[in-house]
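> I'd like to ask you about the structure that follows.
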Amino acid sequence: MAAMQIKEGIVWVGAIDWDRRLFDELIPLPDGTSYNSYIVRGADKTALIDTVDPTKTGELLDNLQEAGVTRIDFIVSQHAEQDHSGSIPEMLEIFPEAVVVTNDKCQAMLRDLLPIPESRFRVVADGETLDLGGRTLEFILMPWVHWPETMVTYLREDRVLFSCDFLGAHLAQCRPVLCDECRTLEAAKRYFAEIMMPFRPLIRKHLEKLQGMAIDTIAPSHGVVYPRPAFIFDAYRDWAAEATKNVAVIPFVSMHGSTREMVEHLTGALIRQGVCVVPCNLVQTDIGELAKELVDASTVVLATPTVLGGAHPAAAYAAFLVNALRPKLKFAAIIGSFGWGGRMVESLVASLGNVKVELLEPVLAKGAPAEKDFQALDNLAAAIAAKHRGLGVLS
Ligand code: FEO
């Protein structure tokens, strides 16, 4: 790997995880990821902003060597999750003069997770500053992006915001600075959906707070550095807003084709109604893709056959995710096929307690869908279109 200068005195020394394909044993990483770590040099002191995943400590050390770093005074730990903090214990051994600068909540979590003695911490409060000699780090608490202890760091003189997980993206690329806007935006949206979406009200507050600051560069701890902050701020404002778009997402699973036939019919009917529809086959679609599609959606239609009296486990998992990620959906419906009864609708509805949606009339077919079921699906498509018109997202 290679250390790369972001600006004079600010060097990216992180690690790129090109072939990591799963994060937290949950989140698919089709584009790999990076753990961004930055050296900031003042006239008197040197700070390291975040470390890297412990599997990549060797790369961090190589990059520090390449950057000519022989002394680190401060290791700023913005977030206790181990993909940014996991190398701290080894760094403290190698740089015995270094202290970990963090807030009190993060300190407590770091001590729960990692073997770091209390004597190696320097606890800072919201708004506190640290002078490196001609360069000032200001620490700003930014809870719930996505843990309660997270803070960001503002380098005043250079107007750089080190934003940790906030505004990041799971993206491996050889240059640390934004170069492909489309690819980055897709990765950032997927990341927002998977990690930030449940915290939209707080994210809006954080965006407002940052809007009042002079920021020229955003340097997150995953993905790429943004030399034009409006690129990611505008996207986040859109994603975090409560307004939805003319989008209906259909997460579906089908065992013998009946539910699939219903999904295909509903998809066509929605297209004819002018609704942007995204069917997601749960057997093939990774959950990050489904989460990304839910960011803008007004409506979700869960489609499943009945299995052992309830929903197919893949559909139950999708409902669990929708409930956990709390997208800004306004409407939900359930469709599917059954053989001899069951409580599929009730079980899925019970799984969606966190999502404040209006439930539309379900459509259930006994066995293969018949003409009356297709008519009911046409009616559902018309109802969804009418609801979208009511929201003002479909003319
Ligand atoms: Fe990238 Fe929440 O750690």
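> Please go through segment 346-395 and pick out each residue that is open to solvent by 80 Å² or more (accessible area, probe 1.4 Å) and not assigned by TED's automatic domain parsing to the domain that holds L308.
R389, S395
> Filter segment 102-111 for residues that are open to solvent by 10 Å² or more (accessible area, probe 1.4 Å) and either within 15 Å of the ligand (Cβ to nearest atom) or over 28 Å from the mean Cα position of the chain (by Cα) (or both) and give the result.
K105, M109
> Being in contact with a His (Cβ under 6 Å, 6 or more places away or on another chain) and within 15 Å of the ligand (Cβ to nearest atom) narrows it down to one residue among T33, T55; which is it?
Step by step, each of T33, T55 is checked, and only T33 is in contact with a His (Cβ under 6 Å, 6 or more places away or on another chain) and within 15 Å of the ligand (Cβ to nearest atom).
> Please go through segment 339-391 and pick out each residue that is acidic (D, E) and touching a helix residue (DSSP H, G or I) at 6+ places or on another chain (Cβ under 9 Å).
E358, E361, D373, D378
> Looking at R204, R200, R190 in this structure, which one is within 16 Å of the ligand (Cβ to nearest atom), in contact with a helix residue (DSSP H, G or I) (Cβ under 8 Å, 6 or more places away or on another chain) and not assigned by TED's automatic domain parsing to the domain that holds L329?
R190
> Looking at the structure I just gave you, is A240 within 16 Å of the ligand (Cβ to nearest atom), open to solvent by less than 10 Å² (accessible area, probe 1.4 Å) and more than 30 Å from A370 (Cα to Cα)?
So A240 does not fit the description; no.
Table: residues versus (1) at pLDDT below 95; (2) in contact with a Cys (Cβ under 9 Å, 6 or more places away or on another chain); (3) over 13 Å from A172 (Cβ atoms); (4) crowded, with 23+ Cβ neighbours inside 10 Å.
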residue	(1), (2), (3), (4)
I27	yes, no, yes, no
S37	no, no, yes, yes
V40	no, no, yes, yes
D44	no, no, yes, no
A47	no, no, yes, yes
D50	no, yes, yes, yes
E59	no, no, no, no
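> Please count how many residues of segment 61-96 are more than 24 Å from L113 (Cα to Cα), free of Cβ contacts under 8 Å to residues at least 60 places away in the same chain and open to solvent by less than 40 Å² (accessible area, probe 1.4 Å).
Total meeting the criteria: 1.
> Does segment 226-233 contain at least one residue that is farther than 16 Å from G32 by Cβ, at pLDDT below 95 and buried (at least 17 other Cβ atoms within 10 Å of the Cβ)?
no
> Another one. In this structure, is D216 more than 18 Å from G288 (Cβ to Cβ) and under 19 Å from the mean Cα position of the chain (by Cα)?
In short, no.
> Here is a follow-up. Working only within segment 123-156, note down all residues that are open to solvent by 50 Å² or more (accessible area, probe 1.4 Å), away from the ligand (no atom under 13 Å from the Cβ) and assigned to a loop (DSSP other than H, G, I, E, B).
Hits for segment 123-156 are A125, D126, E128, G134, R156.
> Could you pull out the residue among A324, A315 that is in a helix (DSSP H, G or I) and more than 27 Å from K372 (Cβ to Cβ)?
A324
> Would you check which residues across segment 207-225 are without any contact (Cβ under 8 Å) to a residue 60 or more places away in the chain, open to solvent by less than 20 Å² (accessible area, probe 1.4 Å) and away from the ligand (no atom under 16 Å from the Cβ) and list them?
L207, L210
The values are calculated or read from the model by the stated rules, or taken from the named source; none is laboratory data. From a predicted model like this one, the values you see are computed outputs, not experimental measurements. Heads up, the Cβs are rebuilt from the backbone with ideal geometry, glycines too, and the neighbour counts pull from every protein chain shown. All accessible areas refer to the heavy atoms of the entire protein, side chains included, with ligands and DNA or RNA removed. Shrake-Rupley method; radii C 1.70, N 1.55, O 1.52, S 1.80 Å.
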